[in-house]
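S.K.: I'd like to ask you about the structure that follows.
Readers should treat all values here as calculations from the given coordinates under stated rules, not as data from a laboratory. Bear in mind the structure is a predicted one, so any value in this text is a computation, not a measurement. Note that each Cβ is placed from the backbone with ideal geometry, even for glycine, and that neighbours are counted across all protein chains shown.
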Amino acid sequence: MKVTIARTAGIAAAVTGVGLLAAPTASAAPEDIAVDITDDGNAVVMEVRYDVPGAVLCLMNVLPVDGTVPAAIVGPTVVMGGDDGELRATVDPGKYSVQWSCSSIPSFEQWGTAPPLTNGTEDPTTVTVTDTSGPGGGGSSGSPFGS
């Protein structure tokens with residue numbers, strides 16, 4: 001499902017020091033970020049594309065549809081402007097609600113669902129995982145910040 005992003009200003013949590021990784025940038029427009037959430041084998045995958053200079057810091061929570069405890073939490077992951085990023089969580093078969101957030105660095109604009117944001121710009125995405133094996137990556141995105 002391709003998500004169209006609406007702009008929301010806010011302050012990102014847990015980004016101390018990450019602003020040093022990005023050059024100063026103008027304010028991002030809603031069309032500058034694209035998020036696609038799908039299933040892939042036994043994994044839930046969040047693909048992020050950020051098309052302006054700077055970076056975004058992204059986080060993904062994967063919860064069973066009728067649950068409150070996450071099956072997986074992935075991130076934070078830094079996606080540099082002009083690059084694609086991926087957050088991947090290996091989960092058991094089932095139906096999941098995917099909550100996510102991305103915060104631009106250094107301007108701290110935020111996009112995502114509520115929660116984890118207080119004022120979400122999108123609704124959580126529902127994904128059904130049916131495979132018990134596949135290319136799932138155990139929640140690691142290759143980020144220097146881990147998963």
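S.K.: First measure r as the distance between the Cβ atoms of Val69 and Phe108, then evaluate 1/(1 + (r/R0)^6) with R0 = 30 Å and state the FRET efficiency to the nearest 0.05.
M.R.: Step by step, r from the Cβ atoms, then E = 0.55.
S.K.: If you take every residue apart from Gly94 with its C-beta less than 14 Å away from the C-beta of Gly94, what net charge results, scoring Lys and Arg +1 and Asp and Glu -1?
M.R.: Net charge around Gly94: -3.
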